[in-house]
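In what follows, a single structure is set out as structure tokens and then discussed.
Bear in mind that the values in this text are calculations on the coordinates, not laboratory data. Just so we're clear, the structure is a prediction, and the values are computed from it rather than from any experiment. So basically every Cβ, Gly included, is an ideal-geometry build from the backbone, and we count neighbours across all protein chains shown.
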Amino acid sequence: MESEKLIIFDTTLRDGEQCPGASLNIAEKLEIARQLALLKVDVIEAGFPAASPGDFESVKQIADEIRGASIAGLARALDKDIEAAARALEKAARPRIHVFLSTSKIHRKHMVQKAKAEIIDMAVKSVGFARQFCDDVEFSPMDASRTESEFLVEVLGAVIDAGASTLNIPDTVGYSIPGEFAQLITHLKENVPGIDRAVISVHCHNDLGLAVANSLAAVQAGARQVECTVNGIGERAGNAAMEEIVMALRTRRDYYGIDTGIDTRHIQPCSKLVSSLTGFFVQRNKAVVGKNAFAHESGIHQHGFLKRKDTFEIMDPKDIGLDESELVMGKHSGRNALLHKIKELGFDLTPKELDAVFHEFKVLADEKKEIFDDDILTLIQKQRWVAEEQITYRLEKIGGSFETGVAPEGRVALRSRDGQEHDATASGDGPVDSIYNAIDKITGLTCRLMDYQVMSKTRGKDAQGEVTVRVRSDNREVIGKGAGVNTLEASAQAYVNAINKLLMKTKAGPVAPGEAPGP
Ligand code: KIV
Ligand code: ZN
């Protein structure tokens, strides 16, 4: 069947990152952008440059470095936002300015306090202004699915005339249902003047668990761009999950007859990276990337599956980059073998990073009999958590007494950037608490532990544990990560990692009051 192409617009770094607790630093955003480029997404929405200096800088760095995908920056329909987006995107090979403005009755009244005519005027002016900086301008009428359809037709016709080449239809509050959303797209296709000069895009939120279904229904009705995020992260219940859309179209190509340009073998590594950097675990039974997505438990299923895979498996795990977590290497493996494996996993390390990962690999190989792909991934991540330039403290060692029936006492040694070693001992409600109290004594910060999770990275009793903490201090909340066979040490590393982030001065502050972005 002759197939058409669907544009995949990834907004993990903008709408995904916007959800509470997901905040990523610039290095982390760049790392995700590199993985998105390997995935071959068509557009990377890198952020909202006017929202904060940190957002501006990350969009700029992504635009400067990443090639292949278009790089989009979000802007309200305001000159200062559009100028900020244009400046951040100056060096992008393929920049896109994405302008949004509320159009629904409820948003017109309570969000922007503007009448219909003023909305059209603002939309047209802002698209025209954005076109002065770049040819590729996308317009989103925010809360489109709750906007009067005739008004929507009017706004969209006007912005096409003003130069918008992509019209994005957001289901901002996840209110639509598939049949209805498809009808809306059909209605727009049939009624918006000049619609043939633009690509129709959709952007669905998952409040009713329908983001992917709505997106696919819209594609059937003629949308040719889908906005989505890795693992479906995003505001509230999230956005449409990219991996689900891509694999649905691929698996049911017979039905949709639509291709994406995605290199699906990078889906799994990208999912793991996003989960690890945001601290949002992927639920076990999540479609496509959940741990159980390819696990067959029931006897009948296993029986069929062993005879012929496609009795119970509609996708090949290899297609999403999931190989049976292979045994990769042992303590006799050399640097070249490790480099080869790292490349195979999709990472390009600097010689310095490789040295550090190789060193850690040898240490791990002494502690652990079997080393899996996930162990190597964890070592790479770990290296990046501790390789940031702006590290104030490094964990040197932990110790203490944690006997049953005796109040726990944690001992910690940290080394500060000036080379000094700091030791402290503290008690606490448990071993982790006592270690964290000892760290607080050294840093002098008052921190609240908002969340603490440990996850085993591979199988076996000697598996590395990955610890994720969410720490709050002075109204700032950050994620910290640590990993290792010794879970207490990994817990301390995670906490120190969070503290280093809190101490980083360059981190973007909150958006000024009254400046809060819409969606
Ligand atoms: O959900 C939404 O409406 C958005 C727009 C900015 C596209 O994120
Ligand atoms: Zn959104």
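Annotations for the structure displayed:
- Kirkwood Rh and Cα Rg combined as Rg/Rh, region 4-278: 0.94
- Over 27 Å between alpha carbons, listed pairs Lys29/Lys125; Lys29/Lys80; Lys341/Lys481: Lys29/Lys125
- Compactness of region 81-222 is given as radius of gyration and Dmax, 14.6, 41 Å, from Cα positions.
- Cα-based equivalent ellipsoid, region 92-147: semi-axes from gyration tensor eigenvalues, Å: 24, 12, 7
- Global geometry of region 128-168, whether rounded, prolate or oblate, following the gyration tensor of its Cα atoms and the 1.5 cut on a/c: prolate
- Among Pro351, Val467, Ala424 - extreme Cα towards positive end, dipole of region 344-490, charges at beta-carbon: Ala424
- Considering all different alpha carbon pairs of region 415-514, the Kirkwood hydrodynamic radius works out to 14.5 Å.
- Relative intensity of region 25-89 on a log10 scale, I(q)/I(0) at q = 0.12, 0.20, 0.24, 0.28 Å⁻¹, equals -0.25, -0.68, -0.92, -1.16, per a Debye sum over C-alpha point scatterers of equal strength in the absence of solvent.
- Using the Stokes-Einstein relation with a Kirkwood hydrodynamic radius computed over Cα pairs, the translational diffusion coefficient of region 143-252 at 20 °C and a viscosity of 1.002 mPa s comes to 156 µm²/s.
- Listed residues Gly209, Ile439, Ile7: farthest to the positive end of the dipole of the chain (Cβ charges): Ile439
- With viscosity 1.306 mPa s and temperature 10 °C, the Kirkwood radius over alpha carbon pairs of the chain converts through Stokes-Einstein to a diffusion coefficient of 65 µm²/s.
- Partner aspartates and glutamates for Lys501 [C-alpha distance under 14 Å; skip if fewer than 8 residues away on the same chain]: Glu28, Glu388, Glu389, Asp474, Glu477
- Taking each residue as 0.36 nm, the span from His422 to Tyr255 lengthens on full extension beyond its C-alpha to C-alpha distance by 53.8 nm.
- Whole-number D in µm²/s for region 56-103 (Stokes-Einstein; Kirkwood sum over Cα pairs; 4 °C, 1.567 mPa s): 122
- For the Cα trace of region 57-162, dividing Rg by the Kirkwood Rh returns an Rg/Rh value of 1.02.
- Sorting 78-86, 240-248 by their mean Cβ neighbour count within 10 Å, with the most densely packed peptide first, gives 240-248, 78-86.
- Sorted from greatest to least, the principal axis extents spanned by the alpha carbons of region 1-134 come out as 45, 44, 31 Å.
- Approximating the spin labels as points 7 Å out from Cα along Cα→Cβ, the Asp462-to-Lys80 distance works out to 5.9 nm.
- Considering only beta bridges that DSSP places wholly inside the chain, some 50 percent are antiparallel.
- Set Lys397/Lys457; Lys369/Lys397; Lys286/Lys318; Lys352/Lys441; Lys352/Lys397 screened for pairs whose C-alpha atoms are more than 28 Å apart: Lys352/Lys441
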